[in-house]
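Following: one structure in C-alpha coordinates, then a few remarks.
The values are calculated or read from the model by the stated rules, or taken from the named source; none is laboratory data. Model, not experiment: these values are computed from the prediction. Side chains are part of the model used for accessible areas, which takes the heavy atoms of the whole protein and leaves out ligands, DNA and RNA. Shrake-Rupley method; radii C 1.70, N 1.55, O 1.52, S 1.80 Å.
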Amino acid sequence: MTLQVVAFYLFASIVIASAVMVILARNPVHSVLWLILAFFNAAGLMVLLHAEFIAMLVVIVYVGAVAVLFLFVVMMLDIDFASLRAGFVKNFPLGIAVALVLLAELVLGIGAYRAGALNLGAAEGTAAPIPMTSNIESLGAVLYSEYLFLFEAAGIVLLVAMIGAIVLTHRDLRSPRAHQDIGKQVRRNPDEATIMTQPAVGKGVDL
Amino acid sequence: MTEFFQSLGLTFEAAWFIATIAGILLIALPLMLAVAMIIYVDRKVWAAIALRRGPNVVGPFGLLQSFADGLKVFLQETIIPSAANKGLFLIAPIVTFTVALLAWAVIPFGPEAVLADINVGLLYVLAISSLGVYGVVVSGWASNSKYPFFSAMRAAAQMISYEVSIGFVLVCVVLWAGTFNMNGIVLAQLGHGFGIVNAFAFNLLLFPMWVVFLISALAETARAPFDLTEAESELVAGYQTEYSSMSFALFWLGEYANVLLMCTLNAILFFGGWLPPLNIDLIPWFDIPGFVWLFAKIFFFFFVFSWIKATVPRFRYDQLMRLGWKVFLPLSLVFVVLISGYLMATGHYS
(Lines give C-alpha, C1' and ligand atoms only; values in the text may rest on other atoms or scores of the structure.)
Protein backbone atom coordinates (compact mmCIF):
# COMPACT_ATOMS: atom_id res chain seq x y z
CA MET A 1 0.00 0.00 0.00
CA THR A 2 2.76 2.40 0.94
CA LEU A 3 4.32 2.11 -2.50
CA GLN A 4 1.04 3.21 -4.13
CA VAL A 5 0.82 6.21 -1.79
CA VAL A 6 4.39 7.25 -2.58
CA ALA A 7 3.73 6.82 -6.30
CA PHE A 8 0.48 8.78 -6.09
CA TYR A 9 2.05 11.77 -4.35
CA LEU A 10 5.00 11.68 -6.74
CA PHE A 11 2.80 11.67 -9.86
CA ALA A 12 0.28 14.15 -8.47
CA SER A 13 2.86 16.69 -7.33
CA ILE A 14 4.70 16.48 -10.67
CA VAL A 15 1.41 16.99 -12.55
CA ILE A 16 0.59 20.11 -10.54
CA ALA A 17 4.12 21.48 -10.60
CA SER A 18 4.50 21.02 -14.36
CA ALA A 19 1.01 22.45 -14.97
CA VAL A 20 2.10 25.57 -13.07
CA MET A 21 5.31 25.68 -15.09
CA VAL A 22 3.29 25.56 -18.34
CA ILE A 23 1.94 28.99 -17.43
CA LEU A 24 5.09 30.38 -15.84
CA ALA A 25 7.61 29.36 -18.50
CA ARG A 26 8.73 32.31 -20.60
CA ASN A 27 9.59 30.25 -23.64
CA PRO A 28 6.58 28.65 -25.38
CA VAL A 29 8.63 25.56 -26.30
CA HIS A 30 9.38 25.06 -22.61
CA SER A 31 5.65 25.42 -21.92
CA VAL A 32 4.83 22.62 -24.35
CA LEU A 33 7.51 20.38 -22.83
CA TRP A 34 6.12 20.99 -19.32
CA LEU A 35 2.67 20.17 -20.69
CA ILE A 36 4.03 16.87 -22.01
CA LEU A 37 5.46 16.08 -18.57
CA ALA A 38 2.03 16.80 -17.07
CA PHE A 39 0.33 14.46 -19.58
CA PHE A 40 2.83 11.73 -18.87
CA ASN A 41 2.36 11.88 -15.12
CA ALA A 42 -1.42 12.03 -15.53
CA ALA A 43 -1.05 8.69 -17.34
CA GLY A 44 0.84 7.46 -14.27
CA LEU A 45 -2.15 8.44 -12.10
CA MET A 46 -4.42 6.45 -14.42
CA VAL A 47 -2.24 3.38 -13.94
CA LEU A 48 -2.64 3.76 -10.16
CA LEU A 49 -6.43 3.74 -10.70
CA HIS A 50 -6.10 0.38 -12.54
CA ALA A 51 -7.15 2.12 -15.76
CA GLU A 52 -4.04 0.99 -17.65
CA PHE A 53 -5.79 1.06 -21.04
CA ILE A 54 -6.75 4.73 -20.62
CA ALA A 55 -3.23 5.46 -19.37
CA MET A 56 -1.68 3.97 -22.50
CA LEU A 57 -4.15 5.85 -24.71
CA VAL A 58 -3.26 9.13 -22.98
CA VAL A 59 0.41 8.52 -23.71
CA ILE A 60 -0.15 7.35 -27.30
CA VAL A 61 -2.67 10.01 -28.32
CA TYR A 62 -1.70 13.07 -26.30
CA VAL A 63 2.02 12.63 -25.68
CA GLY A 64 2.82 10.68 -28.82
CA ALA A 65 0.76 12.57 -31.39
CA VAL A 66 -1.03 15.74 -30.26
CA ALA A 67 1.85 17.20 -28.24
CA VAL A 68 4.37 16.42 -31.00
CA LEU A 69 2.29 18.50 -33.40
CA PHE A 70 2.02 21.25 -30.76
CA LEU A 71 5.77 21.23 -30.37
CA PHE A 72 6.18 21.15 -34.14
CA VAL A 73 4.10 24.32 -34.57
CA VAL A 74 5.48 26.19 -31.55
CA MET A 75 9.09 25.45 -32.57
CA MET A 76 8.48 27.03 -35.96
CA LEU A 77 6.93 30.19 -34.54
CA ASP A 78 9.21 33.17 -34.59
CA ILE A 79 8.15 34.82 -31.37
CA ASP A 80 9.21 38.33 -30.46
CA PHE A 81 9.15 38.38 -26.66
CA ALA A 82 9.30 42.17 -26.44
CA SER A 83 6.08 42.61 -28.42
CA LEU A 84 4.40 39.98 -26.24
CA ARG A 85 5.02 42.06 -23.13
CA ALA A 86 4.13 45.36 -24.82
CA GLY A 87 0.38 45.03 -24.29
CA PHE A 88 0.69 44.08 -20.63
CA VAL A 89 -0.68 47.31 -19.14
CA LYS A 90 -3.46 47.61 -21.72
CA ASN A 91 -4.69 44.04 -21.22
CA PHE A 92 -4.22 44.03 -17.45
CA PRO A 93 -7.90 44.76 -16.51
CA LEU A 94 -9.18 42.07 -18.88
CA GLY A 95 -6.69 39.57 -17.45
CA ILE A 96 -7.81 40.37 -13.91
CA ALA A 97 -11.46 39.90 -14.94
CA VAL A 98 -10.76 36.47 -16.47
CA ALA A 99 -8.73 35.45 -13.42
CA LEU A 100 -11.61 36.48 -11.10
CA VAL A 101 -14.11 34.43 -13.12
CA LEU A 102 -11.83 31.38 -12.98
CA LEU A 103 -11.28 31.85 -9.23
CA ALA A 104 -15.03 32.11 -8.64
CA GLU A 105 -15.57 28.90 -10.62
CA LEU A 106 -12.90 27.10 -8.63
CA VAL A 107 -14.42 28.24 -5.31
CA LEU A 108 -17.89 27.21 -6.48
CA GLY A 109 -16.59 23.87 -7.66
CA ILE A 110 -14.80 23.07 -4.43
CA GLY A 111 -17.79 24.35 -2.44
CA ALA A 112 -20.17 22.12 -4.39
CA TYR A 113 -17.82 19.17 -3.89
CA ARG A 114 -17.65 19.84 -0.14
CA ALA A 115 -21.44 20.01 0.01
CA GLY A 116 -21.63 16.49 -1.35
CA ALA A 117 -21.34 15.46 -4.99
CA LEU A 118 -24.46 15.53 -7.17
CA ASN A 119 -26.02 12.14 -7.66
CA LEU A 120 -26.37 11.96 -11.41
CA GLY A 121 -27.19 8.26 -11.36
CA ALA A 122 -25.35 5.60 -13.29
CA ALA A 123 -26.36 4.14 -16.60
CA GLU A 124 -27.09 0.44 -16.63
CA GLY A 125 -24.10 -1.77 -17.04
CA THR A 126 -21.66 0.78 -15.68
CA ALA A 127 -21.88 -0.19 -12.05
CA ALA A 128 -18.74 -1.96 -10.93
CA PRO A 129 -15.77 -3.24 -12.89
CA ILE A 130 -16.29 -6.86 -13.79
CA PRO A 131 -13.81 -8.97 -11.82
CA MET A 132 -11.26 -11.14 -13.63
CA THR A 133 -11.63 -9.37 -16.99
CA SER A 134 -9.03 -7.02 -18.30
CA ASN A 135 -9.60 -3.31 -18.55
CA ILE A 136 -9.87 -3.45 -22.33
CA GLU A 137 -12.49 -6.20 -22.32
CA SER A 138 -14.79 -4.47 -19.83
CA LEU A 139 -14.39 -1.14 -21.64
CA GLY A 140 -15.18 -2.78 -24.97
CA ALA A 141 -18.19 -4.59 -23.51
CA VAL A 142 -19.69 -1.27 -22.38
CA LEU A 143 -18.61 0.79 -25.38
CA TYR A 144 -19.96 -1.54 -28.06
CA SER A 145 -23.26 -2.33 -26.34
CA GLU A 146 -24.50 0.33 -23.93
CA TYR A 147 -22.90 3.36 -25.59
CA LEU A 148 -22.80 2.20 -29.21
CA PHE A 149 -24.62 5.24 -30.60
CA LEU A 150 -22.53 7.71 -28.63
CA PHE A 151 -19.42 5.87 -29.78
CA GLU A 152 -20.50 6.08 -33.41
CA ALA A 153 -21.44 9.74 -32.98
CA ALA A 154 -17.89 10.40 -31.74
CA GLY A 155 -16.65 8.58 -34.83
CA ILE A 156 -18.76 10.83 -37.07
CA VAL A 157 -17.39 13.96 -35.38
CA LEU A 158 -13.86 12.70 -36.09
CA LEU A 159 -14.81 11.88 -39.68
CA VAL A 160 -16.14 15.41 -40.21
CA ALA A 161 -12.94 16.86 -38.76
CA MET A 162 -10.86 14.64 -41.04
CA ILE A 163 -12.82 15.62 -44.15
CA GLY A 164 -12.47 19.27 -43.13
CA ALA A 165 -8.71 18.94 -42.88
CA ILE A 166 -8.55 17.21 -46.26
CA VAL A 167 -10.71 19.89 -47.92
CA LEU A 168 -8.52 22.65 -46.45
CA THR A 169 -5.30 21.18 -47.82
CA HIS A 170 -6.71 19.75 -51.05
CA ARG A 171 -5.02 20.77 -54.28
CA ASP A 172 -6.74 20.30 -57.58
CA LEU A 173 -4.60 17.97 -59.69
CA ARG A 174 -5.65 19.78 -62.88
CA SER A 175 -4.28 23.08 -61.63
CA PRO A 176 -1.16 24.29 -63.45
CA ARG A 177 0.95 24.03 -60.26
CA ALA A 178 3.66 21.43 -60.47
CA HIS A 179 2.88 18.01 -59.12
CA GLN A 180 4.73 14.75 -59.35
CA ASP A 181 3.62 11.66 -61.20
CA ILE A 182 5.26 8.89 -59.21
CA GLY A 183 4.44 6.26 -61.82
CA LYS A 184 6.22 8.32 -64.46
CA GLN A 185 9.27 8.68 -62.20
CA VAL A 186 9.41 4.96 -61.56
CA ARG A 187 9.02 4.07 -65.26
CA ARG A 188 11.99 6.23 -66.29
CA ASN A 189 14.96 4.27 -67.58
CA PRO A 190 18.53 5.27 -68.48
CA ASP A 191 17.84 5.28 -72.23
CA GLU A 192 15.36 8.13 -72.13
CA ALA A 193 16.86 9.95 -69.16
CA THR A 194 20.40 10.34 -70.50
CA ILE A 195 21.89 11.33 -73.83
CA MET A 196 25.36 10.72 -75.16
CA THR A 197 26.81 13.61 -77.15
CA GLN A 198 30.22 14.65 -78.30
CA PRO A 199 30.05 18.45 -78.45
CA ALA A 200 32.74 20.32 -80.32
CA VAL A 201 35.12 22.46 -78.28
CA GLY A 202 33.49 25.76 -77.32
CA LYS A 203 30.01 24.57 -78.35
CA GLY A 204 27.32 23.83 -75.81
CA VAL A 205 24.83 21.00 -75.80
CA ASP A 206 21.28 21.45 -77.05
CA LEU A 207 18.79 20.08 -74.53
CA MET B 1 12.10 -14.06 -8.69
CA THR B 2 10.06 -12.44 -5.92
CA GLU B 3 9.46 -15.89 -4.40
CA PHE B 4 13.20 -16.55 -4.31
CA PHE B 5 13.90 -13.38 -2.34
CA GLN B 6 10.92 -14.10 -0.08
CA SER B 7 12.39 -17.51 0.68
CA LEU B 8 15.47 -15.67 1.97
CA GLY B 9 13.27 -14.30 4.75
CA LEU B 10 12.34 -10.89 3.34
CA THR B 11 8.85 -9.38 3.46
CA PHE B 12 6.88 -9.41 0.22
CA GLU B 13 7.41 -5.73 -0.51
CA ALA B 14 11.15 -5.80 0.08
CA ALA B 15 11.45 -8.99 -1.96
CA TRP B 16 9.42 -7.48 -4.80
CA PHE B 17 11.55 -4.34 -4.76
CA ILE B 18 14.86 -6.25 -4.89
CA ALA B 19 13.52 -8.66 -7.51
CA THR B 20 12.42 -5.79 -9.75
CA ILE B 21 15.77 -4.01 -9.45
CA ALA B 22 17.56 -7.28 -10.22
CA GLY B 23 15.28 -7.83 -13.21
CA ILE B 24 15.98 -4.34 -14.56
CA LEU B 25 19.73 -4.90 -14.25
CA LEU B 26 19.41 -8.35 -15.83
CA ILE B 27 17.79 -6.75 -18.89
CA ALA B 28 19.63 -3.42 -19.13
CA LEU B 29 23.24 -4.59 -18.68
CA PRO B 30 23.17 -7.41 -21.28
CA LEU B 31 21.25 -5.03 -23.55
CA MET B 32 24.09 -2.49 -23.38
CA LEU B 33 26.59 -5.25 -24.12
CA ALA B 34 24.39 -6.44 -26.99
CA VAL B 35 24.21 -2.90 -28.38
CA ALA B 36 28.01 -2.64 -28.33
CA MET B 37 28.36 -5.97 -30.15
CA ILE B 38 25.54 -5.22 -32.60
CA ILE B 39 27.24 -1.98 -33.65
CA TYR B 40 30.28 -4.13 -34.48
CA VAL B 41 28.09 -6.59 -36.41
CA ASP B 42 26.46 -3.72 -38.29
CA ARG B 43 29.84 -2.37 -39.37
CA LYS B 44 31.13 -5.82 -40.31
CA VAL B 45 28.09 -6.67 -42.44
CA TRP B 46 28.17 -3.28 -44.08
CA ALA B 47 31.90 -3.66 -44.78
CA ALA B 48 31.50 -7.18 -46.15
CA ILE B 49 28.82 -6.06 -48.62
CA ALA B 50 31.04 -3.16 -49.71
CA LEU B 51 34.01 -5.60 -50.08
CA ARG B 52 35.90 -3.94 -47.24
CA ARG B 53 37.24 -5.51 -44.06
CA GLY B 54 35.52 -3.40 -41.45
CA PRO B 55 36.89 -3.08 -37.91
CA ASN B 56 39.68 -5.64 -37.50
CA VAL B 57 42.36 -4.05 -35.34
CA VAL B 58 41.08 -3.79 -31.75
CA GLY B 59 40.95 -7.25 -30.17
CA PRO B 60 40.49 -10.54 -32.05
CA PHE B 61 38.64 -9.88 -35.34
CA GLY B 62 38.12 -6.31 -34.11
CA LEU B 63 35.55 -7.54 -31.59
CA LEU B 64 36.47 -4.85 -29.06
CA GLN B 65 36.08 -1.98 -31.52
CA SER B 66 32.84 -0.69 -29.95
CA PHE B 67 34.40 -0.68 -26.48
CA ALA B 68 37.40 1.25 -27.77
CA ASP B 69 35.01 3.75 -29.37
CA GLY B 70 33.06 3.99 -26.14
CA LEU B 71 36.22 4.66 -24.14
CA LYS B 72 37.35 7.29 -26.61
CA VAL B 73 33.99 9.06 -26.47
CA PHE B 74 33.95 8.82 -22.68
CA LEU B 75 37.28 10.61 -22.40
CA GLN B 76 36.33 13.44 -24.74
CA GLU B 77 35.29 16.88 -23.62
CA THR B 78 31.56 17.66 -23.62
CA ILE B 79 31.10 20.74 -25.77
CA ILE B 80 27.92 22.75 -25.34
CA PRO B 81 27.40 25.40 -28.04
CA SER B 82 27.10 28.83 -26.44
CA ALA B 83 23.86 29.58 -28.32
CA ALA B 84 22.27 26.29 -27.29
CA ASN B 85 19.48 25.95 -24.77
CA LYS B 86 21.69 24.22 -22.19
CA GLY B 87 19.14 22.33 -20.08
CA LEU B 88 17.23 20.86 -23.01
CA PHE B 89 20.45 20.27 -24.94
CA LEU B 90 21.66 17.95 -22.18
CA ILE B 91 18.26 16.37 -21.41
CA ALA B 92 17.55 15.34 -25.03
CA PRO B 93 20.13 12.49 -25.31
CA ILE B 94 19.10 11.25 -21.86
CA VAL B 95 15.47 11.10 -23.02
CA THR B 96 16.43 9.16 -26.15
CA PHE B 97 18.50 6.68 -24.16
CA THR B 98 15.96 6.19 -21.34
CA VAL B 99 13.03 5.71 -23.68
CA ALA B 100 15.03 3.15 -25.68
CA LEU B 101 15.51 1.12 -22.48
CA LEU B 102 11.97 1.53 -21.10
CA ALA B 103 10.16 -0.55 -23.70
CA TRP B 104 12.22 -3.66 -22.84
CA ALA B 105 10.28 -4.03 -19.59
CA VAL B 106 7.44 -5.92 -21.27
CA ILE B 107 9.47 -8.04 -23.72
CA PRO B 108 9.08 -11.76 -22.90
CA PHE B 109 12.36 -13.71 -23.03
CA GLY B 110 10.65 -16.93 -22.06
CA PRO B 111 7.34 -18.24 -20.70
CA GLU B 112 8.09 -16.78 -17.25
CA ALA B 113 10.94 -14.41 -18.02
CA VAL B 114 9.12 -11.07 -18.28
CA LEU B 115 9.88 -8.10 -16.05
CA ALA B 116 6.33 -6.68 -16.26
CA ASP B 117 3.73 -9.15 -17.55
CA ILE B 118 1.01 -6.52 -18.01
CA ASN B 119 -2.12 -7.09 -20.07
CA VAL B 120 -1.58 -3.96 -22.17
CA GLY B 121 1.99 -4.95 -23.09
CA LEU B 122 1.76 -4.14 -26.79
CA LEU B 123 0.08 -0.77 -26.15
CA TYR B 124 2.86 0.01 -23.69
CA VAL B 125 5.47 -0.66 -26.38
CA LEU B 126 3.54 1.56 -28.81
CA ALA B 127 3.26 4.32 -26.20
CA ILE B 128 6.95 4.22 -25.31
CA SER B 129 8.12 4.09 -28.91
CA SER B 130 5.98 7.15 -29.63
CA LEU B 131 8.02 9.00 -26.99
CA GLY B 132 11.24 8.36 -28.90
CA VAL B 133 10.59 11.29 -31.20
CA TYR B 134 11.05 13.80 -28.35
CA GLY B 135 14.74 13.14 -27.93
CA VAL B 136 15.33 13.96 -31.60
CA VAL B 137 12.98 16.96 -31.78
CA VAL B 138 14.20 18.53 -28.55
CA SER B 139 17.87 18.04 -29.42
CA GLY B 140 17.30 19.57 -32.84
CA TRP B 141 15.59 22.62 -31.37
CA ALA B 142 17.92 23.05 -28.39
CA SER B 143 21.06 22.95 -30.58
CA ASN B 144 19.96 26.30 -32.04
CA SER B 145 21.56 25.45 -35.36
CA LYS B 146 20.15 25.05 -38.86
CA TYR B 147 20.90 21.43 -39.73
CA PRO B 148 19.76 19.90 -36.43
CA PHE B 149 16.56 21.93 -36.72
CA PHE B 150 15.79 20.62 -40.21
CA SER B 151 16.49 17.15 -38.89
CA ALA B 152 14.09 17.65 -35.97
CA MET B 153 11.33 18.78 -38.34
CA ARG B 154 11.87 15.75 -40.54
CA ALA B 155 11.96 13.39 -37.58
CA ALA B 156 8.72 14.72 -36.12
CA ALA B 157 6.81 14.27 -39.37
CA GLN B 158 8.42 10.94 -40.29
CA MET B 159 7.95 9.17 -36.98
CA ILE B 160 4.30 10.23 -36.61
CA SER B 161 3.52 9.09 -40.16
CA TYR B 162 4.88 5.61 -39.72
CA GLU B 163 3.47 5.17 -36.21
CA VAL B 164 -0.01 5.28 -37.74
CA SER B 165 0.55 2.29 -40.00
CA ILE B 166 2.48 0.44 -37.27
CA GLY B 167 -0.58 0.95 -35.05
CA PHE B 168 -2.88 -0.68 -37.60
CA VAL B 169 -0.46 -3.58 -38.15
CA LEU B 170 -0.44 -4.18 -34.39
CA VAL B 171 -4.25 -4.11 -34.40
CA CYS B 172 -4.21 -6.89 -37.03
CA VAL B 173 -1.91 -9.02 -34.87
CA VAL B 174 -3.96 -8.33 -31.74
CA LEU B 175 -7.18 -9.26 -33.58
CA TRP B 176 -5.71 -12.64 -34.38
CA ALA B 177 -4.07 -13.24 -31.01
CA GLY B 178 -7.03 -11.90 -29.02
CA THR B 179 -4.81 -10.23 -26.41
CA PHE B 180 -2.49 -7.27 -25.89
CA ASN B 181 -0.29 -9.33 -23.57
CA MET B 182 3.07 -10.04 -25.21
CA ASN B 183 3.26 -13.61 -23.87
CA GLY B 184 -0.31 -14.20 -25.03
CA ILE B 185 0.64 -13.07 -28.54
CA VAL B 186 3.63 -15.43 -28.56
CA LEU B 187 1.52 -18.37 -27.35
CA ALA B 188 -1.19 -17.64 -29.94
CA GLN B 189 1.39 -18.43 -32.63
CA LEU B 190 1.99 -22.01 -31.44
CA GLY B 191 1.43 -24.12 -34.55
CA HIS B 192 -0.33 -21.21 -36.27
CA GLY B 193 1.13 -21.79 -39.74
CA PHE B 194 -0.50 -25.00 -41.08
CA GLY B 195 -0.14 -26.56 -37.61
CA ILE B 196 3.63 -26.79 -38.11
CA VAL B 197 5.20 -23.35 -38.11
CA ASN B 198 5.14 -21.23 -34.94
CA ALA B 199 4.76 -17.90 -36.68
CA PHE B 200 2.09 -15.43 -37.73
CA ALA B 201 4.12 -14.43 -40.78
CA PHE B 202 3.13 -17.57 -42.70
CA ASN B 203 -0.52 -16.61 -42.50
CA LEU B 204 -1.65 -15.34 -45.91
CA LEU B 205 -3.55 -12.41 -44.39
CA LEU B 206 -0.83 -11.41 -41.94
CA PHE B 207 2.15 -11.78 -44.31
CA PRO B 208 1.54 -8.42 -46.08
CA MET B 209 1.20 -6.82 -42.64
CA TRP B 210 4.60 -8.24 -41.67
CA VAL B 211 6.14 -6.64 -44.76
CA VAL B 212 4.50 -3.30 -43.87
CA PHE B 213 5.74 -3.66 -40.30
CA LEU B 214 9.31 -4.44 -41.36
CA ILE B 215 9.49 -1.37 -43.62
CA SER B 216 7.73 0.86 -41.07
CA ALA B 217 10.17 -0.33 -38.41
CA LEU B 218 13.04 0.88 -40.62
CA ALA B 219 11.34 4.27 -40.94
CA GLU B 220 10.44 4.47 -37.26
CA THR B 221 14.04 3.88 -36.16
CA ALA B 222 15.33 6.17 -38.96
CA ARG B 223 17.52 3.43 -40.41
CA ALA B 224 18.64 3.45 -44.03
CA PRO B 225 16.91 3.78 -46.53
CA PHE B 226 14.80 6.15 -44.40
CA ASP B 227 17.64 7.82 -42.47
CA LEU B 228 16.63 11.29 -43.61
CA THR B 229 16.96 12.70 -40.10
CA GLU B 230 20.72 12.22 -40.25
CA ALA B 231 21.26 12.20 -43.99
CA GLU B 232 24.96 13.03 -44.09
CA SER B 233 24.87 14.31 -47.65
CA GLU B 234 22.23 16.93 -46.77
CA LEU B 235 22.28 17.61 -43.03
CA VAL B 236 25.86 16.92 -41.85
CA ALA B 237 24.79 14.55 -39.06
CA GLY B 238 21.26 15.78 -38.49
CA TYR B 239 20.20 16.30 -34.90
CA GLN B 240 23.55 14.95 -33.62
CA THR B 241 25.60 17.61 -35.37
CA GLU B 242 26.28 19.75 -32.29
CA TYR B 243 26.78 16.84 -29.90
CA SER B 244 30.05 15.48 -28.64
CA SER B 245 31.42 12.96 -26.17
CA MET B 246 28.96 11.17 -23.86
CA SER B 247 25.86 13.02 -25.01
CA PHE B 248 26.64 11.82 -28.54
CA ALA B 249 27.25 8.29 -27.25
CA LEU B 250 23.86 8.25 -25.53
CA PHE B 251 22.16 9.02 -28.87
CA TRP B 252 24.17 6.26 -30.47
CA LEU B 253 23.31 3.67 -27.82
CA GLY B 254 19.66 4.70 -27.74
CA GLU B 255 19.38 4.46 -31.51
CA TYR B 256 20.78 0.94 -31.65
CA ALA B 257 18.71 -0.15 -28.62
CA ASN B 258 15.66 1.04 -30.58
CA VAL B 259 16.75 -0.92 -33.65
CA LEU B 260 17.16 -4.04 -31.49
CA LEU B 261 13.71 -3.41 -30.02
CA MET B 262 12.17 -3.26 -33.48
CA CYS B 263 13.93 -6.52 -34.44
CA THR B 264 12.58 -8.06 -31.23
CA LEU B 265 9.05 -6.89 -32.01
CA ASN B 266 9.38 -8.44 -35.48
CA ALA B 267 10.40 -11.72 -33.85
CA ILE B 268 7.67 -11.61 -31.18
CA LEU B 269 4.74 -10.41 -33.27
CA PHE B 270 5.32 -12.37 -36.46
CA PHE B 271 7.90 -15.11 -35.84
CA GLY B 272 6.83 -16.70 -32.58
CA GLY B 273 9.14 -14.94 -30.10
CA TRP B 274 10.72 -17.47 -27.77
CA LEU B 275 8.97 -20.44 -29.41
CA PRO B 276 11.07 -22.75 -31.59
CA PRO B 277 10.41 -22.18 -35.31
CA LEU B 278 8.61 -25.48 -35.91
CA ASN B 279 5.94 -27.13 -33.79
CA ILE B 280 7.28 -30.68 -34.25
CA ASP B 281 8.32 -32.94 -31.38
CA LEU B 282 10.72 -35.07 -33.47
CA ILE B 283 13.65 -32.91 -32.46
CA PRO B 284 13.81 -31.97 -28.75
CA TRP B 285 14.02 -28.25 -29.43
CA PHE B 286 11.37 -27.34 -26.92
CA ASP B 287 14.11 -28.19 -24.39
CA ILE B 288 16.31 -25.38 -25.68
CA PRO B 289 15.59 -22.34 -23.47
CA GLY B 290 13.29 -19.78 -25.09
CA PHE B 291 15.68 -16.86 -25.02
CA VAL B 292 18.09 -18.72 -27.33
CA TRP B 293 15.40 -18.85 -30.02
CA LEU B 294 14.44 -15.23 -29.38
CA PHE B 295 18.07 -14.07 -29.65
CA ALA B 296 18.58 -16.07 -32.85
CA LYS B 297 15.51 -14.42 -34.39
CA ILE B 298 16.57 -10.94 -33.23
CA PHE B 299 20.00 -11.49 -34.72
CA PHE B 300 18.51 -12.63 -38.01
CA PHE B 301 16.35 -9.52 -38.25
CA PHE B 302 19.28 -7.32 -37.34
CA PHE B 303 21.23 -8.91 -40.17
CA VAL B 304 18.32 -8.07 -42.51
CA PHE B 305 18.39 -4.47 -41.25
CA SER B 306 22.17 -4.19 -41.90
CA TRP B 307 21.74 -5.82 -45.27
CA ILE B 308 19.09 -3.26 -46.25
CA LYS B 309 21.29 -0.44 -44.95
CA ALA B 310 24.16 -1.58 -47.16
CA THR B 311 22.15 -2.12 -50.34
CA VAL B 312 19.21 0.27 -50.62
CA PRO B 313 19.73 3.93 -51.60
CA ARG B 314 18.16 6.65 -49.45
CA PHE B 315 14.58 7.75 -50.15
CA ARG B 316 13.71 11.30 -51.04
CA TYR B 317 11.67 12.96 -48.31
CA ASP B 318 8.46 13.31 -50.35
CA GLN B 319 8.76 9.64 -51.40
CA LEU B 320 9.00 8.70 -47.75
CA MET B 321 5.85 10.65 -46.89
CA ARG B 322 4.02 9.24 -49.90
CA LEU B 323 4.90 5.68 -48.91
CA GLY B 324 3.70 6.22 -45.36
CA TRP B 325 0.42 8.02 -46.01
CA LYS B 326 -0.67 6.93 -49.49
CA VAL B 327 0.50 3.30 -49.54
CA PHE B 328 0.90 1.87 -46.05
CA LEU B 329 -1.98 3.64 -44.32
CA PRO B 330 -4.70 2.56 -46.80
CA LEU B 331 -3.18 -0.92 -47.10
CA SER B 332 -3.08 -1.53 -43.37
CA LEU B 333 -6.60 -0.09 -42.95
CA VAL B 334 -7.94 -2.47 -45.60
CA PHE B 335 -6.25 -5.38 -43.85
CA VAL B 336 -7.76 -4.44 -40.46
CA VAL B 337 -11.21 -4.69 -42.08
CA LEU B 338 -10.27 -7.82 -44.02
CA ILE B 339 -8.82 -9.66 -41.04
CA SER B 340 -11.58 -8.74 -38.62
CA GLY B 341 -14.14 -9.74 -41.27
CA TYR B 342 -12.39 -13.06 -41.86
CA LEU B 343 -12.15 -13.79 -38.14
CA MET B 344 -15.84 -13.03 -37.59
CA ALA B 345 -16.88 -15.07 -40.63
CA THR B 346 -14.89 -18.12 -39.55
CA GLY B 347 -16.11 -17.86 -35.96
CA HIS B 348 -12.66 -17.25 -34.47
CA TYR B 349 -14.08 -15.64 -31.33
CA SER B 350 -17.03 -17.94 -30.63
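Working note: Karplus 6.51/-1.76/1.60 with θ = phi - 60° gives the stretch A:21-29 the couplings 5, 4, 7, 7, 4, 6, 8, x, 5 Hz, where Gly and Pro are set to x. Using only alpha-carbon positions in chain B, the gyration tensor eigenvalues give semi-axes of 33, 26, 21 Å once each is multiplied by 5 and square-rooted (largest first). Sorting A:R187, B:R52 by accessible area puts them as A:R187, B:R52; the probe is 1.4 Å, largest comes first, and only protein heavy atoms count.
Annotation: amide H of B:L278 within the under-5 Å range of B:N198, sequence separation 5 or more or interchain, hydrogens built in the peptide plane. Against the criterion of solvent-accessible heavy-atom surface with a 1.4 angstrom probe, B:T221, B:T78 sort, most first, into B:T78, B:T221.
Looking at the square roots a ≥ b ≥ c of the eigenvalues of the Cα gyration tensor of the stretch B:75-199, which shape do they give, rounded for a/c under 1.5, prolate if a/b is larger than b/c, or oblate? Working shown, then result.
Numbers: a/c = 3.56, a/b = 2.24, b/c = 1.59.
Cα axes put the stretch B:75-199 in the prolate bin.
If you take the Cα centroid of the stretch B:162-187 and the Cα centroid of the stretch B:251-303, the two points sit 17 Å apart. Residues B:D42, A:D191, B:D117, sorted by accessible area with the largest first, give A:D191, B:D117, B:D42 [1.4 Å probe; ligands and nucleic acids excluded].
Annotation: A:F72 carries an accessible surface of approximately 50 Å², with a 1.4 Å probe and no ligand, DNA or RNA atoms counted. Three semi-axes describe the equivalent ellipsoid of the protein assembly as shown; taken as square roots of 5 times the Cα gyration tensor eigenvalues and ordered largest first, they are 39, 35, 29 Å. Rounded to the nearest 10 degrees, the angle from helix B:207-220 to the longest Cα principal axis of chain B is 20 degrees. For the stretch B:304-317, putting each phi into the Karplus relation 6.51 cos²θ - 1.76 cosθ + 1.60 with θ = phi - 60° gives couplings of 4, 4, 5, 4, 4, 4, 7, 10, 9, x, 5, 6, 7, 5 Hz, in residue order, rounded to whole numbers and with x for Gly and Pro.
When the convex hull of the C-alpha atoms of the stretch A:1-81 is computed, what volume per residue in Å³ does it have?
Working: hull volume 5.2 nm³, N = 81.
About 64 Å³ per residue, rounded to a whole number.
Calculate how steeply helix B:329-345 sits against the longest principal axis of the alpha-carbon atoms of chain B, using the helix alpha-carbon long axis, and give the answer as 0 to 90 degrees to the nearest 10. Between the helix axis and the principal axis of chain B, the angle is about 10 degrees. Relative to the longest principal axis of the Cα atoms of chain B, the long axis of helix B:121-142 makes an angle of roughly 10 degrees.
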